[in-house]
Every structure is written in structure tokens, then in C-alpha cells.
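The values are calculated or read from the model by the stated rules, or taken from the named source; none is laboratory data. Computed from a prediction, not measured in an experiment: that's the story for all the values here. Every residue, glycine as well, gets a Cβ built from its backbone with ideal geometry; the counts of neighbours run over all protein chains shown.
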Ligand SMILES: [Zn+2]
């Protein structure tokens with residue numbers, strides 16, 4: 001486990017403590033892909049972004065960030081760390097070779113389930129449904145299914161109440177998309193969410209879940225190759241659950257399974273957690289510390305301050321916050 005927070009406060013040398021952490025999901029040639037509506041960073045824009053970082057930033061390795069958090073080292077000015085969530089194969093085929101070309105390290109956070117049982121994660125079922133269906137029609141479908149199943153085997157609040165609570169625009173999605181995501185990611189009981197997601201997937205996406213799972217995620221061999229080439233590999237849960245919403249026992253089981261399936265790729269005494277959906281609670285924090293985590297990455301949007309922030313709650317910006325997509329990052333300079 002990393003040294004305690006007090007140690008690094010007192011031993012931190014004077015220097016930059018501000019760290020930008022950029023978050024990536026899909027990285028692919030979107031225009032020529034089968035699902036151009038998938039929300040990802042196009043390969044040309046990814047390359048331009050790395051050119052921007054090369055000119056204006058110091059791209060750090062995860063090991064350097066861990067050292068800075070321990071107080072062994074300071075950060076250079078304009079420090080940025082590149083993080084890739086979910087273990088998508090396009091991170092391997094598209095992002096990895098370009099990172100190598102620039103001599104940059106990427107940190108890849110891979111849910112254990114993606115390369116062991118080859119089942120599609122709920123988060124991806126939902127992405128592909130959203131990329132394939134008309135959103136208003138989809139909302140109508142989801143509401144109809146909620147009304148159909150209510151009171152049979154499952155109980156949950158009225159559709160109107162849930163609509164009012166969850167249909168709210170956020171930074172990236174309109175209220176319709178946010179509603180579908182929340183209802184199918186976390187609001188309904190898990191078994192029902194799976195059932196409805198699978199029904200809608202079959203109706204709209206046009207391939208089987210198994211086919212998509214095999215073409216979507218990295219294989220163990222690919223993860224191994226990236227690690228051999230100096231990329232950093234970290235933990236992103238096993239089943240990609242909202243960990244803070246699980247019963248403590250389920251939460252511990254998910255994280256333990258993640259550690260077991262990923263043990264070849266991580267240092268069990270000093271590993272990095274990336275909370276699926278940025279979701280965690282005090283039980284999650286206590287458990288990962290007990291199990292040897294030394295850093296935790298969230299989805300809170302701002303720069304991290306290595307001198308002030310808890311090492312287990314480091315905020316990140318999205319890749320869309322940097323050029324060539326936008327200059328949003330300047331708000332946090
Ligand atoms: Zn994720």
C-alpha cells in the first residue's frame with residue numbers, strides 16, 4: 001500500500017502539484033466503423049490531441065504520478081496523464097500504436113469480465129442500443145417495459161416519478177439519453193435491467209451480444225502485449241457495477257474478482273483503482289485500501305491537486321476538454 005497521506009504532505013518538495021488526467025473511452029475510425037454514432041474519439045482527432053500534448057504538456061507515466069503522491073518526486077509543469085477506460089479493442093488497435101509512436105504511456109483500466117467470460121457489459125449494451133435506435137422511440141420502449149414489469153416480480157417507483165428524477169441534461173447527454181442510461185445502468189433491479197437491455201439490444205443492434213463482446217474487448221494476449229510495451233494496466237471492477245450502490249458483500253466480491261482476473265497485469269501491493277461510472281462510497285474506499293490500492297480515479301471534472309486531493313479521489317477531465325475538441329481545459333489551468 002502507498003505511504004500514508006501525512007507522509008507526503010510533510011515531505012512534498014515545493015513544485016507543481018497540479019495534474020491533468022485525460023479520460024478516453026472508444027478510440028476508433030468512427031466514420032468507417034459499423035456504428036458511427038458511438039460516442040468516441042476519432043482516430044485523427046486522437047493523433048492531433050497527442051500532437052497538442054507533445055507541444056504543450058508533459059505526458060507522465062502512472063509510476064511518476066504514484067511517486068509524486070508518495071512524496072518521492074514532484075510533478076513537472078503542465079503535467080498530464082492519459083487514462084483509457086473499459087478495455088476496448090480499439091484502444092489496442094488504434095490508440096496503442098499511436099501512443100508508442102509518440103513515446104507516451106497510456107493507462108488502461110479493464111473490467112475483468114470483458115476478457116474472461118466474453119459477456120457484454122451492461123454499459124456497452126446500452127451504448128450500442130443508443131447508437132442504433134431513435135432516442136424518443138427508445139424512451140417510449142423503456143417506459144412501456146417499466147410499466148409492463150412493475151408489480152409482477154419487481155417493484156420500483158412510478159415511471160413518472162423516475163422520469164422527473166432522472167431525465168435531466170448533463171455535460172454530454174440530453175435528458176432522454178440520461179434517462180435511458182440511468183434506468184438501465186442502476187435504477188431498476190439488476191435482473192430486470194439485464195432483461196430489458198437484452199430485449200432492446202436484440203430489437204435494435206442487429207448482432208448477438210456474444211458476437212459484439214468478441215469484437216469489442218481486448219484479449220488477454222493484447223493486454224499482455226501492451227504491458228510488455230510499457231503501458232500501465234489498472235482495475236475497473238469485474239462487472240463494471242456502480243460499486244457504491246451495491247451491498248458491501250457484493251462490492252467486495254466484485255473487487256476481489258477484478259483483482260484475481262487482473263493479477264497477471266497488476267502489482268497486488270500497489271495497484272490503481274478506476275471506479276466504474278466514477279461511483280464509490282466509504283466502504284469501497286476502505287476495501288480497496290485494505291487490498292493494496294494506492295490511487296483512485298473518479299469522474300469528477302477538474303484538475304487534480306496532488307498536494308491536496310485524496311489520492312483515492314483524483315478527478316479527471318474528458319478528452320473532449322482538450323484540443324482539437326475544445327479549450328475547456330483552460331478553465332482549470
Ligand atoms: Zn467504465
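Just a few scattered comments:
- Matching residues in the range 19-42 - criterion: being at pLDDT below 95 and under 23 Å from residue 299 (Cα atoms): 26, 27, 28, 37, 38, 39, 40, 41, 42
- Residue count for the range 299-333 satisfying the condition of being farther than 24 Å from residue 45 by Cα, at pLDDT 95 or above and either touching a helix residue (DSSP H, G or I) at 6+ places or on another chain (Cβ under 6 Å) or surrounded by 21 or more Cβ atoms within 10 Å (Cβ to Cβ) (or both): 4.
- If you go through the range 84-105 and pick out every residue that is crowded, with 22+ Cβ neighbours inside 10 Å and either without any contact (Cβ under 8 Å) to a residue 24 or more places away in the chain or closer than 18 Å to residue 56 by Cα (or both), you end up with 1.
- Hits in the range 274-307 - residues which are more than 16 Å from the ligand (Cβ to nearest atom) and within 19 Å of residue 319 (Cα to Cα): 302, 303, 304, 305
- Of residues in the range 256-273 being under 20 Å from residue 88 (Cβ atoms) and not in a helix (DSSP H, G or I), the one nearest to the ligand (Cβ to nearest atom): 273
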